[in-house]
């Protein structure tokens with residue numbers, strides 16, 4: 001086999017291998033961006049009590065899905081209002097589900113106790129669920145309807161006791 005043939009075969013092999021790599025890696029670089037009107041991506045996480053938590057567990061209820069972390073100052077600032085909205089509206093069909101992206105399990109558990117978090121929480125230390133929603137900055141919250149469709153997305157900290165938000169949520173429930 002001539003040198004020219006070997007080089008052509010090697011070049012073709014490199015093209016094929018590059019194509020295979022691109023096909024295999026592209027899904028990892030896919031940019032997720034869940035918006036209002038989109039179906040809320042499913043997830044399977046572990047709650048602060050050690051049980052499994054899936055979005056489907058809350059069908060028939062409205063869900064405020066809040067991505068947060070113990071080290072996030074705006075997340076800590078909005079926490080009292082999340083507690084309040086959950087305490088006020090849970091009997092009307094609203095679930096607040098906090099999903100912490102903390103890697104440190106002990107810091108997460110200490111935080112929940114110290115801040116008296118009243119709503120259900122789960123951990124997503126690898127950001128698996130957060131990435132599926134397109135969350136790259138925290139806090140970020142998705143309002144999901146009874147059938148699992150995102151109806152609103154909130155980027156950044158909110159005062160969940162603000163009259164506009166309270167009235168909007170009450171109108172849904």
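Residues that are in the same structural domain as residue 60 (by TED's automatic domain parsing) and at positive phi: does the stretch 155-170 have at least one?
yes
Hey, among the residues in the stretch 102-111 that are part of a helix (DSSP H, G or I) and surrounded by 17 or more Cβ atoms within 10 Å (Cβ to Cβ), which one's nearest to the chain's Cα centre (by Cα)?
Among those residues, the one meeting the criterion is 108.
Looking at the stretch 84-101, which of its residues are crowded, with 19+ Cβ neighbours inside 10 Å, touching a helix residue (DSSP H, G or I) at 6+ places or on another chain (Cβ under 8 Å) and not in a strand (DSSP E or B)?
85, 89, 101, listed by residue number.
Which one of these is outside any loop (DSSP other than H, G, I, E, B), in contact (Cβ under 8 Å) with a residue 24 or more places away in the chain, touching a helix residue (DSSP H, G or I) at 6+ places or on another chain (Cβ under 9 Å) and surrounded by 16 or more Cβ atoms within 10 Å (Cβ to Cβ): 166, 117?
166
What single numbered condition from (1) assigned to a helix (DSSP H, G or I); (2) touching a residue at least 24 places away in the same chain (Cβ under 8 Å); (3) more than 16 Å from residue 41 (Cα to Cα) fails to hold for residue 157?
It fails just one condition, (1).
Residue 153 versus (1) under 16 Å from the mean Cα position of the chain (by Cα); (2) closer than 16 Å to residue 61 by Cβ: which is the lone unmet condition?
Only one criterion in (1) under 16 Å from the mean Cα position of the chain (by Cα); (2) closer than 16 Å to residue 61 by Cβ is unmet by residue 153, namely (2).
I'd like the residue in the stretch 120-136 that is in contact with a strand residue (DSSP E or B) (Cβ under 7 Å, 6 or more places away or on another chain) and assigned to a loop (DSSP other than H, G, I, E, B) and, out of all such residues, is modelled with the lowest pLDDT.
So, considering only residues that are in contact with a strand residue (DSSP E or B) (Cβ under 7 Å, 6 or more places away or on another chain) and assigned to a loop (DSSP other than H, G, I, E, B), the one modelled with the lowest pLDDT is 135.
If residue 68 satisfies every condition in (1) touching a residue at least 24 places away in the same chain (Cβ under 8 Å); (2) surrounded by fewer than 22 Cβ atoms within 10 Å (Cβ to Cβ) but one, which is the exception?
Condition not satisfied by residue 68: (2).
The values are calculated or read from the model by the stated rules, or taken from the named source; none is laboratory data. Because the structure is a prediction, the values reported are computed rather than measured. With ideal geometry, Cβ positions are generated from the backbone for all residues, glycine too; neighbour counts draw on all protein chains shown.
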